[in-house]
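One structure below.
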Amino acid sequence: MSPLDEDARPVLVVGLGLAGALMTLALQRRGRTVVVADDGGAVTSRAAAGLVSPINGPRLSRPPRTSEWLAAATALYTDAEARLGERLWYPGPIRRLFRDADQARRWEERRAEPARAVNMGPAEPPGRHPQGLDPHGSGPILGGGRLDVAGLLAAVARERAAAGRLREAVDPGQLEPTPDGVRLGGEDYAAAILCQGWSGAAGPWLAGLPLEPLAGESLGLRLSAGAPAEPLHGAGWLVATGPDSARLGATHHRAVGGEPTAAGREELLAALPGLWSGSSEVVAHFAGTRVAVRDRAPVAGPHPRWPRLAILNGLGGKGALWGPWCAEAVAENLLDGAAVPAEIDPGRFGTVTCA
Ligand SMILES: Cc1cc2nc3c(=O)[nH]c(=O)nc-3n(C[C@H](O)[C@H](O)[C@H](O)COP(=O)(O)OP(=O)(O)OC[C@H]3O[C@@H](n4cnc5c(N)ncnc54)[C@H](O)[C@@H]3O)c2cc1C
């Protein structure tokens with residue numbers, strides 16, 4: 001039994017974006033009391049559509065851990081719905097609209113590989129798009145779905161506030177890790193987990209990690225023709241958020257984001273005619289900064305120097321897909337002493353420094 005198992009002190013989660021929410025849930029599932037520090041930001045998590053897609057990019061890639069990521073996501077989101085009493089997880093196919101005949105051919109080639117076939121249904125001829133915007137056909141991506149990210153963050157904040165365990169922002173520079181816990185002012189925690197998104201890159205504990213900003217924007221739309229039943233993925237993506245509302249995304253630029261731009265809006269609206277027709281109205285504009293890591297894997301696990309100070313960051317554009325698996329790995333490390341997989345271990349770069 002690890003020492004933390006016998007340690008009744010609460011665990012502090014710093015930051016309530018998607019990472020902080022997942023970390024809170026993973027710890028609560030294990031019976032831990034969690035105090036969440038929230039500064040009300042989470043602009044990046046609120047920009048996300050929450051798509052959980054096991055097949056990605058023009059190469060239709062499916063990394064080897066995909067089944068593990070999906071299993072962890074499904075289990076955590078199902079558990080979150082029961083714990084928080086709200087519908088948050090919408091499993092179902094995502095429709096990939098083929099750009100040309102080449103893409104349709106590549107789909108069938110990739111589907112011939114057994115590992116991919118699990119998540120790729122047969123290519124379908126034109127006509128599956130309800131408005132006929134699939135002249136080269138389409139293919140269903142299976143096994144994923146959509147997480148209502150904003151709904152999850154609000155529900156976790158409400159639940160922790162009701163328990164008297166939600167606090168305002170903390171200054172990470174004031175955290176004092178010790179070999180058996182973390183102190184903050186006069187308070188004593190069994191452990192602390194830094195879930196700060198891009199603002200963590202500037203803080204003391206993550207210095208030295210090769211983190212890169214990837215700005216992104218999305219639009220909230222009201223659609224006169226009603227929203228599509230399935231999330232659509234073509235030049236961009238369009239995901240229903242209500243009967244006549246949808247999220248249109250997303251832009252990608254190697255920069256720090258966070259402020260909606262006219263250029264971002266224009267870029268997004270240029271992709272809409274390929275996804276959906278009928279008149280539309282922009283009702284919201286979101287912008288955030290994804291955190292990418294040089295080796296394109298998240299950073300999840302104990303700080304190399306302080307085992308009771310953990311990190312969950314670097315979720316890139318796939319936080320809703322691989323975030324739950326990472327959060328479970330961090331929780332298991334803290335509670336059971338299980339090593340986190342080497343590819344997400346913050347110590348893999350050997351460069352993390354501290355205050
Ligand atoms: C346009 C766009 C679309 C996207 N679409 C998808 C998608 O469809 N599917 C998907 O899986 N991913 C998507 N992503 C990526 C996803 O948003 C991220 O992976 C995820 O939201 C990162 O969450 P985070 O909690 O690490 O960071 P953040 O959302 O940045 O949250 C970190 C939080 O910590 C707070 N914080 C920092 N320091 C402190 C402190 N000292 N005290 C208290 N709070 C603090 C911050 O203010 C913030 O609220 C998208 C991203 C963008 C930009």
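No lab work stands behind these numbers, since they all come straight from the coordinates. Everything quoted here is computed from the prediction, not taken from an experiment. Counting neighbours? That spans all protein chains shown, and the Cβs are built from the backbone with ideal geometry, glycine included.
Qualifying GluC sites (Glu not before Pro) in the stretch 127-220, where qualification requires a DSSP coil assignment and no more than 14 other C-beta atoms within 10 Å, comprise GLU168.
Applied to the stretch 105-122, the Karplus parametrisation 6.51 cos²θ - 1.76 cosθ + 1.60 on θ = phi - 60° returns per-residue 3J(HN,Hα) values of 5, 4, 4, 5, 4, 5, 5, 5, 7, x, 4, 6, 4, 4, 10, 10, x, x Hz, with x for Gly and Pro. Computed on the stretch 123-236, with alpha-carbon pairs under 8 angstrom and 6+ residues apart, the relative contact order is 11 percent. The stretch 249-353: which trypsin sites (Lys or Arg not before Pro) are DSSP loop and have at most 14 other beta-carbon atoms within 10 angstrom? Here the trypsin sites (Lys or Arg not before Pro) that fit, given the DSSP loop and packing criteria, are ARG254, ARG294, ARG296, ARG305.
Distance between the 7 Å Cα→Cβ label points at SER224 and ASP336: 5.6 nm.
Computed from phi, the 3J(HN,Hα) profile of the stretch 293-303 under the Karplus parametrisation 6.51, -1.76, 1.60 (θ = phi - 60°) reads 10, 3, 8, 6, 10, x, 10, 8, x, x, 4 Hz, with x in place of Gly and Pro.
In plain terms, the chain from ALA284 to GLU187 could stretch by 30.9 nm, reckoned as 0.36 nm per residue minus the Cα-Cα distance. Compared with the alpha-carbon gap, the fully stretched path from ARG167 to GLU267 is longer by 32.2 nm at 0.36 nm per residue.
Only bridges with both residues in the chain count here: give the DSSP antiparallel percent, nearest 5. If I count the DSSP bridges inside the chain, around 75 percent turn out antiparallel. Between the C-alpha center of the stretch 242-287 and that of the stretch 194-216 there is a gap of 25 Å.
Taking 0.36 nm per residue of sequence separation and removing the Cα-Cα distance, the ALA71/ALA255 pair yields an extension gain of 63.0 nm. Rounding to the nearest 10 and keeping the result within 0 to 90°, find how far the Cα-based axis of helix 319-336 lies from the longest principal axis of the chain. Computed tilt is about 20 degrees.
Just flag the trypsin sites (Lys or Arg not before Pro) in the stretch 59-148 sitting in loop per DSSP whose Cβ has no more than 12 other Cβ atoms within 10 Å. When the trypsin sites (Lys or Arg not before Pro) of the stretch 59-148 are filtered for loop state and at most 12 Cβ neighbours within 10 Å, ARG59, ARG87 remain. As a length-normalised measure over Cα pairs under 8 Å and 6 or more apart, the relative contact order of the stretch 1-112 settles at 19 percent.
Summary of the geometry: the stretch 297-355 and the stretch 102-163, compared by the centres of their Cα atoms, lie 27 Å apart.
Among ASP295, ASP188, ASP180, determine the one that fluctuates most according to a GNM of the chain built with springs between C-alpha atoms less than 10 Å apart. Result for the chain, Cα springs under 10 Å: ASP295 fluctuates most.
Annotation: for a label point projected 7 angstrom from Cα along Cα→Cβ of GLU343, residues of the stretch 294-324 with backbone N closer than 11 Å are 296-298.
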